[in-house]
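Below you'll find the structure, written out as structure tokens, and then a few comments.
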Amino acid sequence: MKDELTQVDIDKMKEEIEYRRSVLAPKWRDAIKSAKEQGDLSENDEYHSARREWRNNESRIAYLEAMIKSAIVVSTDTDVNTIGLFDNVTLYYVEDDETETIRVVTTLRNDPSKGNISKESPLGKAVLGAHKGDTVTVNVNDTCSYEVQIVDFTKGEDDASLEISKF
């Protein structure tokens, strides 16, 4: 499966890889070396912790490199009347009689706690490409769905200050 990402996503991943290689990797290598010098490794918590952190760092680098390699770079340009990536969308939840504003983002910058909803999520899929005034159905799974009305939206930009997820 190819990940649809923006150039900003890819640049941010490259920055993180560089940081992990130039700062974190040497830090954990030094911690491992220092812990080894303490002797018996079987009960050396510092050694095991440093090894775990070093492995986690290497895994994250491998994950980011794989994401970059498989990425399809997508444009954020959409018609002024159509909801696209990074647009801020005000929704009315029909069943709950509630209003919420979200921003549609790439999967890599998904953070529901901040209102950043992935374009791959059920809600993101439902609103992407819709228009002001549309009522769309959000299909959560085969047996659960709900409707939201698009009250309004404002065009957004690929905001480089949005952090990439650390999942």
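The values are calculated or read from the model by the stated rules, or taken from the named source; none is laboratory data. All values reported here derive from a predicted model rather than from experimental measurement. Cβ sites come from the backbone with ideal geometry, for glycine too, and all protein chains shown count toward neighbours.
Please determine, by comparing only the residues of segment 1-39 that are part of a helix (DSSP H, G or I) and modelled with pLDDT under 85, which one is surrounded by the most Cβ atoms within 10 Å (Cβ to Cβ). Taking the candidates together, the pick is Ala35. Checked against the criterion of being of a type in the set (Asp, Glu) and in a helix (DSSP H, G or I), segment 55-67 has at least one qualifying residue. Is it true that some residue in segment 88-99 is of a type outside the set (Asp, Glu) and within 13 Å of the chain's Cα centre (by Cα)? Checking segment 88-99: not a single residue is of a type outside the set (Asp, Glu) and within 13 Å of the chain's Cα centre (by Cα). A search for C-beta distances below 7 Å between a residue of segment 97-123 that is in the same structural domain as Lys12 (by TED's automatic domain parsing) and touching a residue at least 12 places away in the same chain (Cβ under 8 Å) and any residue that is in a strand (DSSP E or B) and surrounded by fewer than 21 Cβ atoms within 10 Å (Cβ to Cβ), counting only pairs 6+ apart in sequence or on different chains, returns nothing.
Looking only at residues of segment 110-123 that are part of a strand (DSSP E or B) and not β-branched (Val, Ile, Thr), we find that the one that is farthest from Thr82 (Cα to Cα) is Asp111.
One line per residue, one yes/no per condition, for (1) under 19 Å from Asp9 (Cβ atoms); (2) in contact with a helix residue (DSSP H, G or I) (Cβ under 6 Å, 6 or more places away or on another chain); (3) at pLDDT 90 or above; (4) part of a strand (DSSP E or B):
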site: Lys69; (1), (2), (3), (4): yes, no, yes, no
site: Thr78; (1), (2), (3), (4): yes, no, no, no
site: Gly84; (1), (2), (3), (4): yes, no, yes, no
site: Glu100; (1), (2), (3), (4): no, no, yes, yes
site: Leu108; (1), (2), (3), (4): yes, yes, no, no
site: Lys125; (1), (2), (3), (4): yes, no, yes, no
site: Val136; (1), (2), (3), (4): no, yes, yes, yes
site: Asn141; (1), (2), (3), (4): no, no, yes, no
site: Glu147; (1), (2), (3), (4): no, no, yes, yes
